[in-house]
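Before any comments, here is the structure.
Every read-out reported here was derived from the displayed coordinates using simple, explicitly stated rules and does not represent laboratory data. Fair warning: this is a prediction, and the values are worked out from it, not measured in the lab.
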Amino acid sequence: MENEIFHRDMHLGESLDGSANPIYLDTMKDIISALRRHGTPDSLMRCFALHTLWRAVGRSGETGFLTFDGMRWDPYFSSALMEIPQPKGAKFKVATFIAGARAS
């Protein structure tokens with residue numbers, strides 16, 4: 001059934017991509033800047049959460065398992081790293097937190 005629906009939509013020129021629109025760097029910079037201007041502990045924690053989610057490519061379920069204690073320092077890249085566990089496939093991804101000139 002899924003194959004039939006896929007091919008029907010393909011021949012009709014229907015959109016096959018049901019994923020959400022991506023969030024690009026300019027949008028992230030605007031959001032992070034607004035939160036930083038607010039300046040409360042809650043807004044700064046939201047900045048960290050958004051940075052983490054963006055670096056985890058939107059895999060919000062996995063970022064729920066992260067802790068500050070799970071961070072480690074990478075001397076080669078001079079940055080903090082976090083392993084992001086992916087329970088479904090029993091794998092992990094590494095997110096890198098690099099300090100730079102940009103807010104995001």
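Here the ratio of the Cα radius of gyration of the stretch 58-99 to 2.2 N^0.38 Å is 1.19. For the stretch 58-99, the relative contact order comes to 32 percent (Cα pairs under 8 Å, sequence separation of at least 6). What translational D, rounded to a whole number of µm²/s, comes out for the stretch 20-96 from Stokes-Einstein when the hydrodynamic radius is the Kirkwood one over Cα pairs, at 37 °C and 0.692 mPa s? Answer from the Stokes-Einstein relation: 239 µm²/s. Helical runs (DSSP H, four residues minimum) scored at -39500 (n - 2.57) apiece and divided by the length of the chain put the mean residue ellipticity at 222 nm at -13000 deg cm²/dmol.
For a straight C-alpha distance cut-off of 13 angstrom, the aspartates and glutamates reachable from residue 91 (same-chain residues fewer than eight places away being disregarded) are 62, 83.
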